[in-house]
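Some notes on the structure that comes next.
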Amino acid sequence: MKPAITINPVALHHASGYRDCLDTVAREKRYLAQIEALPLARIEGFVADSVAQDAVQFMALDGDQVVGWADIFPAWAHAVAHTGRLGMGLLPAYRSQGTGRRLLQACINKATAKGITRIVLEVRADNHRAIGLYTALGFEHEALMRHAMRFDGQYFDAVQMARLADG
Ligand SMILES: CC(C)(COP(=O)(O)OP(=O)(O)OC[C@H]1O[C@@H](n2cnc3c(N)ncnc32)[C@H](O)[C@@H]1OP(=O)(O)O)[C@@H](O)C(=O)NCCC(=O)NCCS
């Protein structure tokens, strides 16, 4: 039987697999603002910081393979330090099986425990699956961002959404 996908706090040994996963989703040039992952050394540093800070970052694993990630990083400045920004993605073969929901719920739980009371994100307006997931977990539409993304010269609108812990 195929092993179940597990949701795990980020660990140092995830760095390379996380980069591969992020790179695959970025290269689809559809969902993320970046179109390729940063070099591995940068990702390793980023993951080391996450681990050291017990950051809100989770990996979905199929065995040892990183097949998805989700993270919520807080803003640093005092008056907005209760606000965290969500990013997430799954490899194409792992979508629409409930894994995104599990990743996001793990992030929301940990972010809330850490005092993050406002979670924000931007999503391409035609990304109906992502918007469906965010709406199902309590995010609300805040603004339409016209021509917010551009891929190969073509503009796409994005939606800003937010979820308040005590709203
Ligand atoms: C967006 C993404 C993370 C969602 O994760 P997922 O595992 O595919 O989604 P899930 O299977 O957990 O779906 C959870 C909920 O989303 C909604 N949803 C799923 N597919 C949907 C679709 N095609 N249309 C509308 N809503 C949908 C449903 O509410 C669903 O809840 P349900 O299973 O109770 O019906 C994933 O599809 C992905 O990585 N997409 C490409 C990268 C991306 O878009 N990243 C986000 C950029 S902002």
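Every read-out reported here was derived from the displayed coordinates using simple, explicitly stated rules and does not represent laboratory data. In this text the structure is predicted, and so the values were computed from the model without any measurement. Please note: Cβ atoms are built from the backbone with ideal geometry, for glycine as well, and neighbour counts cover all protein chains shown.
Only one of the numbered conditions (1) in contact with a Ser or Thr (Cβ under 9 Å, 6 or more places away or on another chain); (2) aliphatic (A, V, I, L, M); (3) away from the ligand (no atom under 12 Å from the Cβ) is violated by Met145, and that is (1). Would you check if there is a residue in the range 102-118 being of a type in the set (D, E, K, R), assigned to a loop (DSSP other than H, G, I, E, B) and more than 16 Å from the ligand (Cβ to nearest atom)? Yes, the range 102-118 has at least one match.
A quick yes/no check of all residues on (1) among the hydrophobic types (A, V, I, L, M, F, W, C); (2) over 17 Å from Thr6 (Cβ atoms); (3) surrounded by fewer than 18 Cβ atoms within 10 Å (Cβ to Cβ); (4) within 11 Å of the ligand (Cβ to nearest atom):
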residue	(1), (2), (3), (4)
Tyr31	no, yes, yes, yes
Ile43	yes, yes, no, no
Asp49	no, yes, yes, no
Ala60	yes, no, no, yes
Asp64	no, no, yes, no
Trp76	yes, yes, yes, no
Gly98	no, no, yes, yes
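Taking the criterion of being assigned to a strand (DSSP E or B) and either among the small types (Gly, Ala, Ser) or within 26 Å of Ile7 (Cβ to Cβ) (or both), the residues of the range 129-152 that qualify are Glu140, Ala143, Ala148.
Looking only at residues of the range 78-90 that are within 18 Å of Cys21 (Cβ to Cβ) and crowded, with 19+ Cβ neighbours inside 10 Å, we find that the one that is farthest from the ligand (Cβ to nearest atom) is Leu86.
Against the list (1) surrounded by fewer than 13 Cβ atoms within 10 Å (Cβ to Cβ); (2) within 15 Å of the ligand (Cβ to nearest atom); (3) part of a helix (DSSP H, G or I); (4) of a type outside the set (Phe, Trp, Tyr), the condition Asp126 fails is (3).
Looking at Thr112, Thr135, Thr117, just one residue is farther than 26 Å from Arg19 by Cα and surrounded by 17 or more Cβ atoms within 10 Å (Cβ to Cβ), and that residue is Thr112. Evaluate the following for Tyr155: is it farther than 21 Å from Asp23 by Cα, of a type in the set (Phe, Trp, Tyr) and in a helix (DSSP H, G or I)? In short, no.
If you check Phe156 against the conditions, is it of a type in the set (Phe, Trp, Tyr), more than 10 Å from the ligand (Cβ to nearest atom) and without any contact (Cβ under 8 Å) to a residue 40 or more places away in the chain?
When the stated conditions are applied, Phe156 passes them.
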